[in-house]
Amino acid sequence: MIDCTSEPLAGGRIIYVSKNSRFGTDAVLLADFASPKRIDRAVDLCTGGGIIPMLWLCGDAPGGQVIGVELQHECCELARRSIEANGDGERLAVMEGDLRRIEEYLPRERFSLVTCNPPYFAAGSGFANKSESRTIARSETMCNSSDVCRAARYLLKFGGRLCVCQRPERLTDVICAMRENLIEPKRIRLVQQRPAAEPWLVLVEGRRGGRPGVKFLPVLMVENGSGGYSDEMREIYGRYGDQSKWQEN
């Protein structure tokens, strides 16, 4: 039995988390940035405990089934427990597998949205964690931006969207990997903790087969000048649950 606890989401929903499988503000921001439509069929790569699909299901979209793909068994078990607790079996499924072999268990070009909150640290960069699970989640030991974009190219229909988050210093890696896989970057948004701070996160949307031309959105500010949440962050958190329960990772 996995040692876990539940965290509240909007509408009385919950998600199970453990010491090795948690989520942070970046997942919430990516879920909101992707904003699936009713017509979307979506896949969330590196889904962990399924937080991004479960945040989407707090609303009405996407209308079709959402599939989460995760390599680590413990994370998949947590996600399945959350799915059962929320009665989401008809709308959300989690597949335990390696995204580098995505063609073995998902069909080609059937999806209109792919998301991924990928490992942030390059392999050999010095990042280390006592937990093997956390190392896999945060360091590119098992996949990198090229692997994510290659899987997205396989999954996405022409015109479909790939939305990812990453550390700002890795933005070039994301853009290059997208273009190598015929996914054109279309929207970029930086996230700052407070007005005087450097950005700590970048959100990127690419479109499969899209024309060149990228739009930079206004910077998303987490805090206001007084140190509390900005109005936009309060609005985002309000769509998904009790903001007092969210913590940055």
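Coordinate-derived values only; no laboratory data. Quick caveat: nothing in here was measured; it's all calculated off a predicted structure. All Cβ positions, even for glycine, are placed from backbone atoms using ideal geometry, and neighbour counts span all protein chains on display.
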Worksheet entry | Distance between modelled label sites at Thr172 and Ala196, nm, 7 Å Cα→Cβ extension | 3.0 nm
Response to the item:
If the label point sits 7 Å along Cα→Cβ of Phe216, residues of segment 179-193 with amide N under 20 Å come out as 179, 184-193
Discussion item. Pick from Cys46, Cys163, Cys176 the residue whose mean-square fluctuation is largest in a GNM of the chain, springs joining Cα atoms under 10 Å.
Written reply: Cys176
Worksheet item: At what distance in angstrom do the alpha carbon centres of segment 58-99 and segment 15-38 lie from each other?
Response: 12 Å
Worksheet item: For the chain, what is the calculated [θ] at 222 nm in deg cm²/dmol (nearest 500), taking -39500 (n - 2.57) for each run of four or more DSSP H residues and dividing by its residue count?
Response: -8000 deg cm²/dmol
Worksheet item: Using θ = phi - 60° and the Karplus form 6.51 cos²θ - 1.76 cosθ + 1.60, what ³J(HN,Hα) does each residue of segment 192-198 get, whole Hz, x for Gly and Pro?
Response: 10, 6, 8, x, 8, 8, 6
Worksheet item: What share of the DSSP beta bridges in segment 4-72 is antiparallel, in percent to the nearest 5?
Response: 55 percent
Worksheet, complete the sentence: Residue span Glu109 to Ser6: 0.36 nm per residue of separation minus Cα-Cα distance leaves a gain in nm of 33.6 nm
Fill in: For the chain, alpha-carbon Rg and Dmax in angstrom
16.9, 51
Worksheet item: Lysine pairs in the chain with alpha-carbon atoms under 18 Å apart, 8 or more places apart or on different chains: how many are there?
Response: 6
Discussion item. For a quick check: with amide H placed at 1.01 Å from N, whose amide H comes under 5 Å from Leu9's, ignoring anything fewer than 5 positions away on the same chain?
Written reply: Ile14, Ile15
Response to the item:
When the chain is treated as a Gaussian network with springs between alpha carbons less than 10 Å apart, the largest mean-square fluctuation among Pro118, Pro107, Pro168 is found at Pro107
Item to complete: State the antiparallel share, in %, of DSSP beta bridges confined to the chain, rounding to the nearest 5.
Response: 50 percent
